[in-house]
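Undergrad: Supplied in structure tokens, the structure appears directly below.
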Amino acid sequence: MQIVTNSKRELLELVKEANLIAEDLSYKMHGDSLDVLNKDMEEDVFMIVTVGEFNNGKSTFLNALLGEDVLPTGITPTTATINAITWGDKREFQVHKVNSKAEQPTKRIEDLNQFIASSDFNPKEIEYLKIFNPSAVLKDKMVLVDTPGLNDINTIRSNVTYQFIPRADVIFFIVNISAPLRKTEYTFLSETLLKQGLDRIIFIANFIDRIEEEEDEVNEVLIDIQNRIKASSGLKQVDVFPLSAYEALTGKLDNDEELIRISGITAIEERMKQLCQSGSRSEEKTIRYKTRLMHSLNELLEHIREKQVILQKEASELNGDLDRLLEWKGKQKDRDQMLHTYIDNRKAEIVIMVRKSIDHLFEQVNDEVEEKIQFYNGSEMNEFLKSHISSFIKRRLKQWIEGYSDKIHILLGKLETEISTGLTRSFQEEVKINSFRAYHISSDQDIHFEDRDTMDPIVTSGLLVGGISSLAMILGGPILIPIIGMAGLPFIQKKLLKQQLETIKPEVISEARKQLYVVKQSFSESIERYIHNSIEKITQATMDEFNYKSRRVEQNIEFELKHKRENIHAQNEQKKQLLQAETRVGDLINKLN
């Protein structure tokens with residue numbers, strides 16, 4: 001199944017043309033940006049993620065797509081892992097462990113059950129399994145991701161939510177046609193998938209082979225499922241595909257075309273292909289590629305204009321430019337110290353704002369948890385704390401991240417702009433080379449930083465800073481362990497009578513407040529660590545980019561001084577070549593806009 005979108009094909013042509021212009025000018029792009037972009041686009045994968053309750057047939061369905069038994073089925077919730085199936089000429093797999101960046105050795109596919117279907121390992125230590133398979137469906141850069149059940153609220157669940165789903169081109173939501181849309185499915189649909197773009201979701205009602213109703217009655221069941229999804233999502237149009245994953249797999253294994261047809265998998269495969277070509281995820285990737293290409297074109301255009309300005313200057317002027325540039329570089333130590341002092345002050349301001357917001361959040365959460373405990377009238381207080389209260393807290397933390405992450409990233413984006421603007425202004429004013437691109441010029445001689453509403457596209461195009469997904473990954477950590485651990489306290493371990501329940505509630509509330517303080521500290525530290533790491537990356541990337549630009553100016557001056565004595569004809573030819581290159585790059589930029 002070959003999937004190449006028209007917009008991607010057009011972008012690849014623009015990248016190729018930009019590369020030819022750079023080659024004609026003998027110009028090496030910073031970080032080989034055009035070559036890297038071309039490679040990323042050529043090697044880009046289409047990620048297909050399956051979600052659903054345990055025993056809804058997710059693994060059987062993926063096996064049917066592959067046309068062979070790859071994944072074990074009937075796995076218990078406690079031993080489930082995330083499994084990413086990608087193309088490889090050999091049937092083997094890798095175990096990718098949490099917080100490990102080391103290249104993992106491959107293992108024989110016969111050993112796969114040891115990590116999926118046995119209890120001889122700790123699934124919390126494993127981030128995901130990468131399974132290689134020579135299936136034709138994978139050869140066109142398709143990756144199929146099998147996930148645990150929706151009721152598994154732990155690190156694995158967080159990895160599914162915050163790593164795989166935001167990157168998915170298609171999400172298969174598989175329900176049991178006989179018992180569709182349980183509470184966990186409603187929750188996952190409304191709180192997670194609705195915020196990731198519903199046009200990427202294919203709803204599948206599995207096990208049509210297990211019901212004996214006539215076709216009209218099956219259609220009524222499908223309509224009922226559609227209406228339930230519409231009611232919970234607010235969507236006007238929802239398509240639910242009937243499927244027998246078992247019959248689809250059996251039909252493919254036996255080359256039984258009739259069984260494949262009645263299984264319903266063919267319509268699902270066609271819909272999957274359509275979404276890969278035109279879904280919101282495809283649009284997101286296209287926008288990101290366009291942004292990276294525009295960044296490279298701006299770099300190329302800047303180089304051309306620098307060369308044009310330098311060509312117009314006499315040797316004496318160029319010698320003066322070079323002297324001022326070298327003098328400016330000699331002040332780098334003092335400039336760096338001033339810059340880092342400024343950055344530390346801005347970081348402190350961001351952290352103070354975040355702490356105030358988190359303090360307010362936990363004031364509300366404390367009151368809400370106390371109220372929930374006061375009104376609880378059941379006999380299973382330990383289960384209530386472990387499941388309901390911990391889920392409630394996690395949901396509130398997630399809501400805070402979704403509501404506040406944009407504010408954090410806007411502040412980080414402004415800081416990125418301020419660093420670039422200050423460095424550019426200092427260079428422009430002290431070195432006085434007009435070809436060096438600046439976004440704001442003032443009369444201040446020292447580095448001056450100014451708030452800007454938009455990010456500087458020549459620095460990193462905002463690609464370094466993560467979004468909600470990267471920030472929300474902290475919820476996969478040990479933040480909620482204290483609350484879950486409360487269920488083990490001696491005075492709430494057994495079933496309680498109503499009068500006993502009222503007696504221990506003050507103790508439970510007191511303990512909950514203590515543990516919520518620990519949760520708050522852990523959550524706050526994680527957010528602050530994220531901010532610190534993001535600012536370090538932004539600072540380093542911005543300074544690397546700026547230093548590259550200043551080195552490029554220096555090299556252009558030295559090159560022109562070396563060749564200044566060449567005949568007038570050669571200089572005129574170079575001017576003509578630069579003018580033509582400037583026009584070609586301008587045409588490419590117009591095509592992107």
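The values are calculated or read from the model by the stated rules, or taken from the named source; none is laboratory data. Keep in mind that this is a model prediction, so the values were computed, not measured. Methodologically, a virtual Cβ is constructed for each residue, glycine included, from the backbone with ideal geometry; neighbour enumeration extends over all protein chains shown. Accessible surface is based on the protein model in full, side chains and every heavy atom, while ligands, DNA and RNA are left aside. Shrake-Rupley method; radii C 1.70, N 1.55, O 1.52, S 1.80 Å.
Undergrad: Taking amide hydrogens as modeled 1.01 Å from N in the peptide plane, which residues meet the under 5 Å criterion relative to Val143, leaving out close sequence neighbours?
TA: When sequence neighbours closer than 5 places are left aside, the close amide H contacts are Phe46, Met47, Ile48.
Undergrad: Continuing with this model, one more query. Mind listing the long-range amide H neighbours of Leu181? Cut-off is under 5 Å, sequence gap 5 or more, other chains count too, H placed in the peptide plane at 1.01 Å from N.
TA: Asn176
Undergrad: Classify the range 529-581 as rounded, prolate or oblate from the Cα gyration tensor: take a ≥ b ≥ c as the square roots of its eigenvalues, call it rounded if a/c is under 1.5, otherwise prolate when a/b beats b/c and oblate if not.
TA: Taking the square roots of the gyration eigenvalues as a ≥ b ≥ c, the range 529-581 is oblate.
Undergrad: How much solvent-accessible surface does Tyr530 expose, in Å² to the nearest 10, with a 1.4 Å probe and all protein chains in place?
TA: For Tyr530, solvent-accessible area is about 30 Å².
Undergrad: Follow-up question, since we're still on this one. Between Thr187 and Lys16, what FRET efficiency comes out of the Förster formula 1/(1 + (r/R0)^6) with R0 = 41 Å and r the beta carbon distance, rounded to 0.05?
TA: Working from the Cβ atoms, E equals 0.30.
Undergrad: Right, next: Pop out the ³J(HN,Hα) list for the range 552-557 in order, Karplus 6.51 cos²θ - 1.76 cosθ + 1.60 with θ = phi - 60°, rounded to Hz; leave Gly and Pro as x.
TA: These are the phi-based 3J(HN,Hα) values: 5, 4, 4, 5, 5, 5 Hz.
Undergrad: Loop only per DSSP, at most 12 neighbouring Cβ atoms within 10 Å: give me the chymotrypsin sites (Phe, Trp or Tyr not before Pro) in the range 331-383, ordered by residue number.
TA: Phe375
Undergrad: Right, something else. Subtract the Cα-Cα distance of Arg551 and Ile589 from 0.36 nm times their separation in residues, and report this length gain in nm to one decimal.
TA: Length gained, Arg551 through Ile589: 11.2 nm.
Undergrad: Collect residues whose amide H, placed 1.01 Å from N in the peptide plane, falls under 5 Å from the amide H of Ile82; neighbours closer than 5 in sequence don't count.
TA: Leu129
Undergrad: A further question follows. Using R₀ = 30 Å, calculate the FRET efficiency as 1/(1 + (r/R₀)^6) where r is the Cβ-Cβ separation of Lys28 and Gln308; round to 0.05.
TA: Once the sixth-power term is evaluated, E becomes 0.95.
Undergrad: Could you pull out every one of the lysines with an alpha carbon less than 25 Å from that of Lys107, ignoring same-chain neighbours closer than 8 positions?
TA: Lys58, Lys90, Lys97, Lys124, Lys130, Lys139, Lys141
Undergrad: Leaving out same-chain residues fewer than 8 places away, which aspartates and glutamates sit with a Cα under 15 Å from that of Lys576?
TA: Asp24, Glu306
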